[in-house]
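Structure first, commentary second.
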Amino acid sequence: MRNNNIREAQELWAKYKYCIMERSYYEYKKISEYFSRENVNLSEIRQILGNVLLMDLSKGQVINTLQHVWGYFKKIADEQEKIRFFSCLKMYENDECTLQEVKEFLYELASKYNTKYLLDSFYFKINPKDDLYKQGKLID
């Protein structure tokens, strides 16, 4: 694969990795390992990502992903933000708030702390119920 295609595949993965993680950590790890291969195929990556995006969300996987994303802020967030995050997480676990509400708070933190990697990803931009997921289509 040409270098620009490898870079394009890596950029695509960076945009979708947390959307994938909240569906299947197993698939997330498999895709991560795929990039250690010599032959990375962009169209294959697109197909794999599209297939995983068709999977339903699993509350356990979602919570794992929320905690993973929180990791970007745990050392820089103030005490109130920490309390709010863990309160939101607990409420989500108990079906007292939506995933979107927790993600909106994490998005606020990403914006406040200018966490470009997260802001450039689709984790905050795509609603899991969106037709793009149901159809397995990807945004470039």
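Quick look at the values:
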read-out	value
Those lysines that a straight Cα-Cα span of less than 18 Å connects to Lys125, excepting residues fewer than 8 apart in one chain	Lys15, Lys17, Lys103, Lys112, Lys116, Lys134, Lys137
Per-residue [θ]222 nm for the chain (sum of -39500 (n - 2.57) over DSSP H runs n ≥ 4, rounded to 500)	-20000 deg cm²/dmol
Neighbour-count order for Val52, Val40, fewest beta carbons within 10 angstrom listed first	Val40, Val52
Sorted by Cβ density within 10 Å, fewest first, the residues Arg37, Arg84, Arg23	Arg37, Arg84, Arg23
Aspartates and glutamates with Cα under 18 Å of Lys75, excluding same-chain neighbours fewer than 8 positions away	Glu108
Label point distance in nm, Ala14-Ser58, each placed 7 Å from Cα along Cα→Cβ	2.8 nm
Gyration tensor verdict on segment 84-127 (Cα atoms; rounded if a/c is under 1.5, prolate if a/b is larger than b/c, oblate otherwise)	oblate
Charge dipole (debye, nearest 20) of the chain; +1 at Cβ of Lys and Arg, -1 at Cβ of Asp and Glu	320 debye
Distance between modelled label sites at Gln100 and Tyr34, nm, 7 Å Cα→Cβ extension	2.9 nm
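Just so you know, all these numbers are worked out from the coordinates, no wet-lab data involved. Remember, it's a predicted structure, so these values are computed and weren't measured experimentally. Neighbour counts are summed over all protein chains in view; Cβ atoms, including those assigned to glycine, are modelled from backbone coordinates with ideal geometry.
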